[in-house]
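The values are calculated or read from the model by the stated rules, or taken from the named source; none is laboratory data. Small disclaimer: the values here were computed from a predicted structure and weren't measured. Cβ sites come from the backbone with ideal geometry, for glycine too, and all protein chains shown count toward neighbours. We work out accessible area using only protein heavy atoms, side chains counted, and drop any ligands, DNA or RNA first. Shrake-Rupley method; radii C 1.70, N 1.55, O 1.52, S 1.80 Å.
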Amino acid sequence: QVQLVESGGGLVQPGGSLRLSCAASGSIFLIYSMGWYRQAPGKQLELVGSISSAGSTNYADLVKGRFTISRDNAKNTVYLQMNSLKPEDTAVYYCNVNGIRAAGDPTTNYWGQGTQVTVSA
């Protein structure tokens, strides 16, 4: 069993900052990529950004220059630093981890429970 526990969401004013964290625990042998997705009301789930095991990152155009993804491999934790937040960033943010539970296993995607981020004056 693999669990992803997210934290750090909340209400923030436009222009403010938030930092999300997601810690993976349980029987996971190796983590490859880690990332964040979000889903706004009435919209589809979209990729915010991801980070590889080597530290390479990619971001959605809408958040480039404002959001930063990082990871701590020793803690199996991924972070999302969000700056200059806009009302359109309001969404439920989901952590995603791609990894294997044992050597030779197929890769599996694991998801966090989601954390609400609301950007409003």
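Quick notes on this one:
- Reach of LYS43 by Cα under 24 Å, taken over lysines that are not fewer than 8 positions away in the same chain: LYS64, LYS86
- Area of GLU88 that stays accessible when all protein chains are in place (1.4 Å probe, Å², to 10): 120
- Three-way shape label, the chain, alpha-carbon gyration tensor, a/c 1.5: prolate
- For region 57-90, the residues whose amide N sits under 16 Å from a probe point set 7 Å from the Cα of TYR32 along the beta carbon direction are 57-58.
- Local net charge near LEU18, Cβ-Cβ under 14 Å (Lys/Arg +1, Asp/Glu -1): +2
- For SER120, net neighbour charge (Lys/Arg +1, Asp/Glu -1) across residues whose Cβ lies under 13 Å away: -1
- Among residues other than TYR32 with Cβ under 13 Å from its Cβ, the summed charge is +1 (Lys and Arg +1, Asp and Glu -1).
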